[in-house]
Amino acid sequence: MAERTPWSLSGALRGMFGRQKIDETTWDDLEEALITADFGPDITDEIVEQLREQVARFHTEDPKDLKRMLRELIEERLSKFDTTLNLRERPAVTLVVGVNGVGKTTTIGKFANFLRINGRTVVVAAADTFRAAAVEQLSTWAQRAGAGIVRPQQHGQDPASVAYQAVEIAMREGLEMVVIDTAGRLQTKSGLMDELSKIRRVVEKLAPVSEVLLVLDATTGQNGVAQAEAFIQHAGVTGLVVTKLDGSAKGGFVLAVQERTGLPIKLIGQGEGINDLAGFTPHVFAEKLVG
Ligand SMILES: Nc1nc2c(ncn2[C@@H]2O[C@H](COP(=O)(O)OP(=O)(O)OP(=O)(O)O)[C@@H](O)[C@H]2O)c(=O)[nH]1
């Protein structure tokens with residue numbers, strides 16, 4: 001995981017854990033820190049209440065105990081979801097979806113690189129067939145990652161046919177991973193959402209889709225949860241990727257989005273570099289979050 005962790009609560013909690021004893025100010029400060037970090041009001045209330053109970057039960061007044069309890073509680077809640085990527089099929093097909101500009105193409109570049117480092121053969125499909133710049137951007141990433149690419153043969157070609165071709169090539173050439181980039185779309189545009197269902201249906205004529213990853217930008221905060229819902233309905237999302245955590249103070253978004261959608265976070269993006277992508281490990285994340 002990258003070193004920069006602006007989403008860590010440690011700064012916000014420093015004053016509070018620096019005091020001698022837990023008192024009412026401690027609880028106010030904790031609540032404020034959790035709200036600021038975008039845990040959302042409901043989860044914040046639940047966490048504060050559970051910690052108050054634990055502190056009373058263990059008769060402790062030591063802020064260090066409270067810090068440990070907070071870390072453990074967040075880890076326990078994050079761990080309720082299975083964050084492992086399911087890439088056992090051959091080829092394993094991953095469809096990447098999300099609204100404009102959240103970081104889909106960048107994530108695919110980093111993901112292809114991650115798979116290559118782990119010894120997998122990869123082909124990416126540029127199923128964003130209207131934006132030539134998007135195809136070029138993906139092509140540059142594919143080259144850097146050492147992955148093959150299937151591009152549209154003409155402007156505006158049916159995205160489903162590009163995805164289909166990529167899977168076909170993977171099957172013919174024995175490539176292990178297919179990662180499909182899709183055009184960014186607003187969750188309100190039903191035509192574009194139907195297009196996603198079509199890509200999926202067409203690909204499934206050849207091979208099952210192993211993962212449908214919905215990319216969410218951490219800086220959008222709770223709004224991201226609303227975005228997720230339409231995609232879950234139309235694209236059969238299996239996991240989330242949270243990007244731009246490096247530019248966000250909203251580490252709590254990770255727990256909020258997981259609990260509110262019921263979908264596991266499978267990858268996190270923390271920068272624009274090819275190595276700035278990591279699998280999601282609740283223990284590591286909770287430790288970095290609470291400090
Ligand atoms: N800081 C930071 N920037 C990121 C991250 N991921 C993506 N970006 C940046 O976000 C911007 C948009 O990324 P893209 O990958 O083009 O987003 P997209 O979702 O494919 O965009 P569309 O194709 O327009 O839908 C680019 O400037 C990326 O460099 C991240 O984890 N951290």
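Details
- Scanning region 249-272 for residues being within 17 Å of P6 (Cα to Cα), small (G, A, S) and surrounded by fewer than 21 Cβ atoms within 10 Å (Cβ to Cβ) gives a total of 2.
- For region 230-247, a residue qualifies if it is in a loop (DSSP other than H, G, I, E, B) and under 14 Å from the mean Cα position of the chain (by Cα), and the qualifying residues are V237, T238, K244.
- In region 65-106, the residues that are within 16 Å of the ligand (Cβ to nearest atom) and in contact with a strand residue (DSSP E or B) (Cβ under 9 Å, 6 or more places away or on another chain): T94, L95, V96, V97, G98, V99, G101, V102, G103, K104, T105, T106
- Restricting region 229-250 to residues that are within 19 Å of T182 (Cβ to Cβ) and among the polar types (S, T, N, Q), the residue that is nearest to the ligand (Cβ to nearest atom) is T243.
- Matching option when the condition is over 24 Å from the mean Cα position of the chain (by Cα) and at pLDDT 95 or above, among Q54, Q20: Q54
- Taken as a whole, the condition of being more than 13 Å from the ligand (Cβ to nearest atom) and either at pLDDT 95 or above or not β-branched (V, I, T) (or both) applies to V122.
- Every pair of residues 6+ apart whose Cβ atoms lie under 9 Å, when the first sits in region 163-187 and is modelled with pLDDT of 95 or more while the second is assigned to a loop (DSSP other than H, G, I, E, B) and within 13 Å of the ligand (Cβ to nearest atom): D181/D128
- Looking only at region 221-239, residues that are in contact (Cβ under 8 Å) with a residue 60 or more places away in the chain, of a type in the set (A, V, I, L, M) and within 14 Å of P264 (Cα to Cα) come to 1 in all.
- Among residues of region 246-291, those that are small (G, A, S) and under 21 Å from E72 (Cα atoms), counted: 8
- Every residue from region 90-123 that is closer than 17 Å to V242 by Cα and among the hydrophobic types (A, V, I, L, M, F, W, C): L95, V96, V97, V99, V102, I108, F111, A112, F114
- Condition met for V242 (within 15 Å of V96 (Cβ to Cβ), touching a residue at least 60 places away in the same chain (Cβ under 8 Å) and among the β-branched types (V, I, T)): no
- Number of the exception - A230 against (1) among the hydrophobic types (A, V, I, L, M, F, W, C); (2) surrounded by fewer than 21 Cβ atoms within 10 Å (Cβ to Cβ); (3) in contact with an Asp or Glu (Cβ under 9 Å, 6 or more places away or on another chain): (3)
- Residues of region 261-282 that are of a type in the set (S, T, N, Q) and within 8 Å of the ligand (Cβ to nearest atom): Q270 alone.
- Selection within region 213-229 - modelled with pLDDT of 80 or more and part of a helix (DSSP H, G or I): A218, T219, T220, A228, E229
- For G109, the criteria (1) part of a helix (DSSP H, G or I); (2) more than 15 Å from the ligand (Cβ to nearest atom); (3) small (G, A, S) hold in every case but one, which is (2).
- Single residue of Q154, Q143 found to be of a type outside the set (F, W, Y) and in a helix (DSSP H, G or I): Q143
The values are calculated or read from the model by the stated rules, or taken from the named source; none is laboratory data. Source: prediction; values computed, not measured. All Cβ positions, glycine included, derive from the backbone under ideal geometry; neighbour counts span all protein chains shown.
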